[in-house]
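Asker: Before we start, here is the structure in question, set down as structure tokens.
The values are calculated or read from the model by the stated rules, or taken from the named source; none is laboratory data. All figures in this text were calculated on a predicted structure; none of them were measured in a lab. Positions of Cβ are generated from backbone atoms using ideal geometry, with glycine treated the same way; all protein chains shown enter the neighbour counts.
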Ligand SMILES: Nc1ncnc2c1ncn2[C@@H]1O[C@H](COP(=O)(O)OP(=O)(O)OP(=O)(O)O)[C@@H](O)[C@H]1O
Ligand SMILES: [Mg+2]
């Protein structure tokens, strides 16, 4: 059983066309063959009439009439004479007969002249069949030429008719993973409309479900923020108290756990707040100024770790976006770079324009990301195969979601310059002027 609808249609139509060709061809051949035989009978009759009217007597092939058709006029005389065959022919009635002469089947017309002498007009059945066959075969030529043409046209029409379906599939395939906007039904053929309607209804349900899930995560993170903040405050309050070193050690562990939990909640909230739908309207913000602000916030932390944080280039360039979202992108990238750069290292930030894109580049002198991790690095909670340091694994998911939402792109490049490894993160966003 052929699975493809296109294949089935083609096989079915091919069978119909070929069958029509064979049946039509056979009928046309038979009809033309019989017609040609009848034509030859009428030639014999005409020759007979001609011989009687023109008072011709001969036993030579009638070359002047039709040499190819080998029509022979045989004088039989007024009484039976000559060979056995000729004698037997003499006894036949006037008219057309099938007979045998010299052992070969013949078609023969017998005529009696007014003076009583008889003659026969003879034609071999072999030559008659050959001529009729030749004539009949010529009627097959148009059919034989038409069948392949029809097959070709059928293949083309089927191919064309199915094109909207493949176009639709291509459109779906090329979508971003989280793009659940409805499929446009305008250009699709009417047969596909119910199907499209169902897909769009399904997409709508998925969107509602995703929205609900996102809201739930955001609400949960938000609700947890207050009690966690209260707990943090309580642990901070313990700080000034006198306590044995073992208890202080435990307190430090507790404090760092509280810090991590607060960070996780912040990141969860930030991720859940990022609506995957395209933004309605953003404001025009100067990317370079925004990045400078974020970098300034990190200066104290970087110098505490003896990391040289600075700019390579800061060209004035604007993007149209929600400034908080862009700050989130910059913060996460700079934070990652600082976190993975060893003491004494460098983090270089660059903002510039490249064609129609505003580019943010964050380069560090850390270990880089193993190639096999890069493919999964944007998945929530994925922190690589050998996670190091603190982190929730949500930072790059947030970055990716924001960048996608603004039709931008992000890529990572591992660097090795003069025995020094590092990572370069490059974000491109559409520049707004
Ligand atoms: N600059 C970098 N150098 C080396 N590895 C990095 C760098 N940036 C990210 N990574 C790797 O990618 C992983 C995912 O980064 P991501 O920012 O998503 O999560 P995180 O930093 O672990 O947690 P979070 O940002 O939520 O606090 C990190 O755990 C780390 O293994
Ligand atoms: Mg991070």
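Asker: What's the total number of residues in segment 361-373 that are more than 15 Å from ligand 2 (Cβ to nearest atom), surrounded by 18 or more Cβ atoms within 10 Å (Cβ to Cβ) and outside any loop (DSSP other than H, G, I, E, B)?
Answerer: Our first condition is that a residue be more than 15 Å from ligand 2 (Cβ to nearest atom); within segment 361-373, this holds for 361, 363, 365, 370-372.
Then keep just the ones that are surrounded by 18 or more Cβ atoms within 10 Å (Cβ to Cβ); that gives 361, 363, 365.
In the following step, the residues that additionally are outside any loop (DSSP other than H, G, I, E, B) were identified as 361, 363.
Total satisfying the criteria: 2.
Asker: Just checking, does segment 233-247 include any residue being in contact (Cβ under 8 Å) with a residue 24 or more places away in the chain, touching a helix residue (DSSP H, G or I) at 6+ places or on another chain (Cβ under 8 Å) and surrounded by 15 or more Cβ atoms within 10 Å (Cβ to Cβ)?
Answerer: no
To keep it simple, each residue is scored yes or no on (1) within 23 Å of residue 35 (Cα to Cα); (2) in contact (Cβ under 8 Å) with a residue 40 or more places away in the chain; (3) not assigned by TED's automatic domain parsing to the domain that holds residue 72.
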residue: 90; (1), (2), (3): no, no, no
residue: 103; (1), (2), (3): no, no, no
residue: 118; (1), (2), (3): no, yes, no
residue: 127; (1), (2), (3): yes, yes, no
residue: 131; (1), (2), (3): yes, yes, no
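Asker: A further question follows. Can you pull out the residues in segment 299-338 that are part of a loop (DSSP other than H, G, I, E, B), under 40 Å from the mean Cα position of the chain (by Cα) and within 16 Å of ligand 1 (Cβ to nearest atom)? Talk me through it step by step, then tell me what you get.
Answerer: Keep residues of segment 299-338 that are part of a loop (DSSP other than H, G, I, E, B), which gives 305-307, 315-317, 322.
Filter once more, keeping what is under 40 Å from the mean Cα position of the chain (by Cα): 317, 322.
Once the filter is applied, which keeps residues that are part of a loop (DSSP other than H, G, I, E, B), under 40 Å from the mean Cα position of the chain (by Cα) and within 16 Å of ligand 1 (Cβ to nearest atom), segment 299-338 yields nothing.
Asker: Inside segment 334-360, can you point out the residues that are surrounded by 20 or more Cβ atoms within 10 Å (Cβ to Cβ) and away from ligand 2 (no atom under 16 Å from the Cβ)?
Answerer: 345, 351, 358, 359
Asker: So, of the residues in segment 339-359 that are closer than 18 Å to residue 404 by Cβ and in a strand (DSSP E or B), which turns out to be nearest to ligand 1 (Cβ to nearest atom)?
Answerer: The selected residue is 359.
Asker: Take the residues in segment 374-427 that are more than 16 Å from ligand 2 (Cβ to nearest atom), within 32 Å of the chain's Cα centre (by Cα) and not in a strand (DSSP E or B), then tell me which one is modelled with the highest pLDDT.
Answerer: Residue satisfying both the conditions and the ranking: 408.
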